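Here's the structure, in structure tokens; my notes come after.
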Amino acid sequence: MNKVLFPSLDKEGWRKAPGWFERGFSLLEVLVAFAILSISLGVLLQVFATGLRNAGLADDYTHATLYAESILAAVGREVPLTEGERSGPVNEQFSWRSSVSRYTEGLPESETAQFRVYQVIVEVYWPGIMHNRSVVLETLRMLPVAAGEPGS
């Protein structure tokens, strides 16, 4: 009966029984491995959630920009180019407002001008999680002065 039930330790405290280290992992090693795995999975899930949230936000900004471009293109063509403000809903998520005003900065005297220049600003906005979000586009439009009408 030379079978060793308990492996003995050498002077430094290491086990000298053959094959003792091949029996498996200790409970502490398993717990540390699970802790590292759970932290890694938590970080990965957070990265994916942030990516999905940003993709949805980018989609909203893309739609808002397309709506703003469409409204901006309609001003002066489908909607008369007159000074003032307009607003309305685009759909159940987006709303818009526009502002048309005379633009005179850096232009020649208005009595001799053959064109009137208007600044058109369009804002499309929608509710966000923390605050309202919006896209603002602006441009200048020229309108010829009718014959006999004063330039101003």
Least to most buried among VAL79, VAL122 (fewest other Cβ within 10 Å first): VAL79, VAL122
Long-range HN-HN contacts of LEU81 with modeled amide H, under 5 Å: GLY76
Separation in nanometres of the label points that stand 7 Å from Cα toward Cβ, at LEU52 and VAL30: 3.2
Full-stretch length increase - MET130, ARG86 - with 0.36 nm per residue and alpha-carbon distance subtracted: 13.2 nm
For TYR103, residues with placed amide H under 5 Å, excluding near neighbours: VAL117, TYR118, GLN119
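Counting pairs of alpha carbon atoms under 8 Å apart in space and at least six apart in sequence, what relative contact order in percent does segment 20-144 give?
Relative contact order comes out at 21 percent.
Throughout, read-outs are computed from the coordinates displayed, never taken from laboratory work. The structure displayed is predicted, hence computed values, not measured ones. Please note: Cβ atoms are built from the backbone with ideal geometry, for glycine as well, and neighbour counts cover all protein chains shown.
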